Amino acid sequence: MQKLIALMWKETVLRFSSPMEWLFFLILPLIFTVLLAGGTGAPDDNRARLLVVDQAQSPLSAQLLNTLDDSGSVRPDVMDLAQAEDEFDNRNAAALLVIPPELTSEAVQQGAVALDLRLLPNNTAALMAEQTVNAALQRVSAVLRTAASSVAEAERIRPFENDAARDAFYQDALQAAETQWSAAPQRFTVIQASTPDEIDYDPQTNSSVGQMITWVFIPLLGISGSFVYERQIGTLRRMLVTPTRKSLYLFATILANVLLALLQMTVLLVFGAYVMHIYWGSSPGALVAVIAAATLAAAGIGTALGAFVKTGGQANGIAILTGMVMALLGGCWYPIELFPKVVQDATRVLPTRWAMEGILNLALRGQGLENVLPHIGVLLAFALGGFAIGVWRFRYE
């Protein structure tokens, strides 16, 4: 056991002898996961952002803001003028609405009040914001006209005693008009139909799973480089002339890399769950089984490559090229359904395809262990085949 631990520790130290290894082990996988997912989660509010500067701070401006917020099309973001202009100049929003200080019910009764609406040119979100603002203004104007008409009719029937009585009646009429407009029945019902998508795709989940497989497969394929490196510098031959069996050396080297890969996958799983809010399914045991089988499959192929490559540069080049091609064709970067049918059928020979499909069946399609047993079986077959070839063809010089 001590010799096994010593060999595993030696392999770990060799792998992380360069600080650059941490870049590929942890930093780049997290960066690419976030970038390809388009962020750390889908936004809960997909309305167009409308910058609003409320200089009036009046009941009428509050009513306008509430109407805009209830529209379902824009999301009012109230801030001061300097900040809003800076956000708008940096194109962080498609529209900016400045409500002037004179927007009050009294000012509107006396005449028109101009609002400042700024829009980005040739922008569909800006066009939608303009239409929404116009509709909100029409709604608020209708309420004001109704209240003004009520005041005029009441004054025709019986003049008010003074301006205070007239203003009190106007406020009551304004509140009643707003209540009536809010309670008005819907004359039209919009039924929004959706066509089911044949491709099960979620940016966060697909990106996280794909990058996890990509960045774990490539180092495991690089196990071949470990064998070649020690073979080239002669340490492998010297080690095997000691009371160290070839099987123990192979087992320790493979086990060290597999455990490191499982650690890397665990970090990426936790990152996906708590940062990108990915649901990994209701069967954690099945998820662990697929991940373990995928890790063994990659390690098996890397062991087999180690029996054929002759130099460290050749091993690294083949590992990177093979890992990238298998990731691309296996659906790790794009949904496999986007490829032609003949390519989809051909990629069944790749372990990345089975690993990607198995994990997505659990995380994205809500399946269980019985649904991913074929994927686990195929991945273990890759592992056994690779280990068999690697051990059979193993040489120490």
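The values are calculated or read from the model by the stated rules, or taken from the named source; none is laboratory data. Fair warning: this is a prediction, and the values are worked out from it, not measured in the lab. Backbone-built Cβ (ideal geometry, glycine too); neighbour counts: all protein chains shown. We work out accessible area using only protein heavy atoms, side chains counted, and drop any ligands, DNA or RNA first. Shrake-Rupley method; radii C 1.70, N 1.55, O 1.52, S 1.80 Å.
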| query | Is it the case that some residue within segment 254-273 is at pLDDT 90 or above, surrounded by fewer than 24 Cβ atoms within 10 Å (Cβ to Cβ) and either of a type in the set (Phe, Trp, Tyr) or in contact with a Lys or Arg (Cβ under 6 Å, 6 or more places away or on another chain) (or both)? | reply | yes
| Exactly one of (1) crowded, with 18+ Cβ neighbours inside 10 Å; (2) at pLDDT 90 or above; (3) more than 15 Å from Val209 (Cα to Cα) is unmet by Thr295. Its number? | (3)
| message | So, in segment 150-163, how many residues would count as being open to solvent by less than 70 Å² (accessible area, probe 1.4 Å) and assigned to a helix (DSSP H, G or I)? | response | 4
| Does Glu357 satisfy the condition of being open to solvent by 10 Å² or more (accessible area, probe 1.4 Å), among the charged types (D, E, K, R) and at pLDDT 90 or above? | yes
| said: Checking Ala319 against (1) over 24 Å from Thr12 (Cβ atoms); (2) in contact with a Ser or Thr (Cβ under 8 Å, 6 or more places away or on another chain); (3) of a type in the set (A, V, I, L, M, F, W, C); (4) touching a residue at least 24 places away in the same chain (Cβ under 8 Å), only one condition comes out false. Which one? | reply: (1)
| task | Take Phe251 and decide whether it is more than 27 Å from the chain's Cα centre (by Cα) and modelled with pLDDT of 85 or more. | result | yes
| said: For the structure I just gave you, tell me whether Val290 is modelled with pLDDT of 95 or more, open to solvent by less than 60 Å² (accessible area, probe 1.4 Å) and within 34 Å of the chain's Cα centre (by Cα). | reply: yes
| Selection count where residues are open to solvent by 40 Å² or more (accessible area, probe 1.4 Å) and of a type in the set (Lys, Arg), scope segment 344-354 | 1
| So which residues in segment 363-390 are assigned to a helix (DSSP H, G or I) and in contact with a Ser or Thr (Cβ under 6 Å, 6 or more places away or on another chain)? | Ala363, Leu369, Gly386, Phe387, Gly390
| said: Given the options Ala147, Ala114, name the one that is open to solvent by 70 Å² or more (accessible area, probe 1.4 Å), modelled with pLDDT under 90 and of a type in the set (A, V, I, L, M). | reply: Ala114
